[in-house]
1. Quick check on my filter: what residues within region 28-74 are farther than 22 Å from ILE116 by Cα and either more than 14 Å from the chain's Cα centre (by Cα) or of a type in the set (Lys, Arg) (or both)?
2. Look through region 1-27, keep the residues that are within 17 Å of LEU113 (Cβ to Cβ) and buried (at least 17 other Cβ atoms within 10 Å of the Cβ), and return whichever of them is farthest from the ligand (Cβ to nearest atom).
3. Counting only residues that are within 14 Å of the ligand (Cβ to nearest atom) and polar (S, T, N, Q), how many does region 75-85 have?
4. Do you know which of the residues in region 28-55 that are charged (D, E, K, R) and farther than 18 Å from LEU99 by Cα is nearest to the ligand (Cβ to nearest atom)?
5. May I ask you to list the residues in region 57-81 that are out of contact with any Pro (no Cβ under 6 Å at 6 or more places or on another chain), surrounded by 12 or more Cβ atoms within 10 Å (Cβ to Cβ) and of a type in the set (Phe, Trp, Tyr)?
6. Of the residues in region 92-119, how many are within 16 Å of the ligand (Cβ to nearest atom) and either exposed (fewer than 15 other Cβ atoms within 10 Å of the Cβ) or farther than 21 Å from SER82 by Cβ (or both)?
Amino acid sequence: CGMVCNNMGVKAGKRVGVKGEIPASAKSFVLNLGKDPANIVLHFNPRFDAHGDVKTIVCNSKDKGEWGAEQRESAFPFQEGSHVEIFFTHDPSNLTITLPNNHQFKFPNRSGLQVIDFLNAEGDFIIKSVQLE
Ligand SMILES: C=CCO[C@@H]1O[C@H](CO)[C@@H](O[C@@H]2O[C@H](CO)[C@H](O)[C@H](OCc3cn(Cc4cccc(/C=C\CN=C(N)N)c4)nn3)[C@H]2O)[C@H](O)[C@H]1NC(C)=O
């Protein structure tokens, strides 16, 4: 599995910037943000070709280990074999995700999580830097 960050202490209004490499053979990658692995406020899952989804961002949440309802985004500014930077910020109601082409979308903060302490990457993404600002 990929990199794991704990105790990040990212409060509402602060931003997390994740830089990483997407390999040429990428099918799918995940960035999870939340409190811990069982309490994910945003499961961010761009799918190049996975689970029947093609070039679709699937987002979800996990509360005490239970998945919520999926939300699909049509914007897909990702290419296999590239370097990207993705920004995440949150407030008590929503997370705002800023994608490489500056496209933004929101995902509800279903748990109302105040502080994002946990970040991990799974699948076809090699984290190069995590910036807390
Ligand atoms: C239509 C049939 C029934 O409905 C489907 O049912 C699936 C199973 O429930 C859901 O799928 C699940 O959706 C969840 C979000 O809701 C998570 O994403 C979960 O994955 C959790 C996960 C896996 N991982 C490891 C990982 C992640 C990415 C890549 C790799 C490995 C390599 C790939 N690279 C290659 N091979 N080069 C490994 N981390 N977290 C995913 O299985 C589908 O969305 C859903 N589709 C729809 C339309 O409803």
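Readers should treat all values here as calculations from the given coordinates under stated rules, not as data from a laboratory. Computed from a prediction, not measured in an experiment: that's the story for all the values here. Note that each Cβ is placed from the backbone with ideal geometry, even for glycine, and that neighbours are counted across all protein chains shown.
1. If the condition is that a residue be farther than 22 Å from ILE116 by Cα and either more than 14 Å from the chain's Cα centre (by Cα) or of a type in the set (Lys, Arg) (or both), then ARG47, PHE48, ASP49, ALA50, HIS51, GLY52, ASP53, VAL54, LYS55, ARG72, SER74 are the ones that fit.
2. Step by step, filter region 1-27, then rank; the result is VAL10.
3. Looking only at region 75-85, we keep the residues that are within 14 Å of the ligand (Cβ to nearest atom), and these are 78, 80-81.
So of that shortlist, the ones also polar (S, T, N, Q) come out as none.
Matching residues across region 75-85 total 0.
4. ASP53
5. Selection gives PHE76 alone.
6. So the answer is 6.
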